[in-house]
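My structure is below; once you've seen it, I'll send some questions.
The values are calculated or read from the model by the stated rules, or taken from the named source; none is laboratory data. Here the structure is a predicted model, which is why all the values come from computation and not from measurement. Because the Cβ atoms are built from the backbone with ideal geometry, glycine has one as well, and the counts that use them run over all protein chains shown. Each accessible area value is taken on the protein alone, full model and side chains, heavy atoms only, with ligands, DNA and RNA left out. Shrake-Rupley method; radii C 1.70, N 1.55, O 1.52, S 1.80 Å.
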Amino acid sequence: MIALFTDFGLLGPYTGQVKAVLHREAPHIPVIDLFADAPTHDSRASAYLLAAYISEFPVGTVFLTVVDPGVGGNRRAGILLADGRWYVGPENGLFEMIIRRSRDTPRWWQITWHPERLSASFHGRDLFAPVAARLARDEVPLGRECPLSELVRPDWSDDLAEIIYVDVFGNAITGVRASTISANAEILVSDRRLQRATTFPDVPRGEAFWYENSNGLLELAVNLGRADAILGIERGSSIRISEQEEMREATKGSW
């Protein structure tokens, strides 16, 4: 299958245009809409989000990933193979957490193929979609294999202590893996100290808390309410983690 991870938004023609190319190039391959509202223009936050949502997809899945504020500029276009899954997209850090958490040694190709029609501003449709379709058809990567060292961002932290996504319910997903902190930790955000709960009914209506979401990330929520409105937070808002009454930053260099 092909899974779409983009910041194109839920409205407008862009996702439809990309899917039309995929249908033309790989008509019998199912296309899954994973995210159409990934963090806009933010490949760093998107990298943490993408890495948390790949586990449900089988080996052989092709991820068409387009969060590409540098489209048409000097950034390269490429293909990553990690743990048997393919990723097609821009070289802007979007694959950093996939590489870092991979169980095998990932491989990286710079895309050297160019279609007859390549607009300056829509590589998702004109370049990445045809390449993803060919990979889904089990064709060889259309590019030149390069050292993985050219791709990595060693200065990025393993976890990101900020809100990277707010869902339709107002729940605020962070870039911190819940498994990396104590279950007794408190989350400090907007002058509030949030305790951990397992799920929503564990706290009274209207109370804010943090929990490990279904994809393993630390998430802020309110029982029968919107965490973003009640806590006054949005994508990009920072959090802090308090463990054993000692304040610490969740990730080095994230402030």
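Looking at Thr198, Thr180, which is the one that is within 18 Å of Arg100 (Cβ to Cβ), hydroxyl-bearing (Ser, Thr, Tyr) and either touching a Lys or Arg at 6+ places or on another chain (Cβ under 8 Å) or open to solvent by 10 Å² or more (accessible area, probe 1.4 Å) (or both)?
None of the other options fit; the residue is Thr180.
I'm told Val18 meets every condition in (1) crowded, with 19+ Cβ neighbours inside 10 Å; (2) under 21 Å from Asn213 (Cβ atoms) except one. Can you identify the failing condition by its number?
(2)
For segment 67-79, state whether one or more residues are open to solvent by less than 30 Å² (accessible area, probe 1.4 Å) and in a helix (DSSP H, G or I).
no
If I filter segment 214-223 for residues that are out of contact with any Phe, Trp or Tyr (no Cβ under 6 Å at 6 or more places or on another chain), among the hydroxyl-bearing types (Ser, Thr, Tyr) and closer than 16 Å to Asp159 by Cβ, do I get at least one hit?
Looking for residues that are out of contact with any Phe, Trp or Tyr (no Cβ under 6 Å at 6 or more places or on another chain), among the hydroxyl-bearing types (Ser, Thr, Tyr) and closer than 16 Å to Asp159 by Cβ, one finds none in segment 214-223, hence no.
Among the residues of segment 214-255, how many are among the hydrophobic types (A, V, I, L, M, F, W, C), at pLDDT below 95 and open to solvent by 80 Å² or more (accessible area, probe 1.4 Å)?
Step one: of segment 214-255, the residues among the hydrophobic types (A, V, I, L, M, F, W, C) are 217-218, 220-222, 224, 227, 229-231, 233, 239, 241, 247, 250, 255.
From what's left, at pLDDT below 95: 247, 250, 255.
From what's left, open to solvent by 80 Å² or more (accessible area, probe 1.4 Å): 247, 255.
Final tally of qualifying residues: 2.
Could you tell me which of the residues Arg117, Arg100, Arg144 is open to solvent by 20 Å² or more (accessible area, probe 1.4 Å), out of contact with any strand residue (DSSP E or B) (no Cβ under 6 Å at 6 or more places or on another chain), not in a loop (DSSP other than H, G, I, E, B) and not hydroxyl-bearing (Ser, Thr, Tyr)?
Just a single option satisfies the conditions, and that option is Arg100.
Quick one: would you say Phe57 is surrounded by 19 or more Cβ atoms within 10 Å (Cβ to Cβ) and within 18 Å of the chain's Cα centre (by Cα)?
No.
Here's the yes/no breakdown for (1) open to solvent by 30 Å² or more (accessible area, probe 1.4 Å); (2) among the acidic types (Asp, Glu); (3) in contact with a helix residue (DSSP H, G or I) (Cβ under 6 Å, 6 or more places away or on another chain):
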position: Gly84; (1), (2), (3): no, no, no
position: Thr105; (1), (2), (3): yes, no, no
position: Ala132; (1), (2), (3): no, no, no
position: Leu135; (1), (2), (3): no, no, no
position: Asp155; (1), (2), (3): yes, yes, no
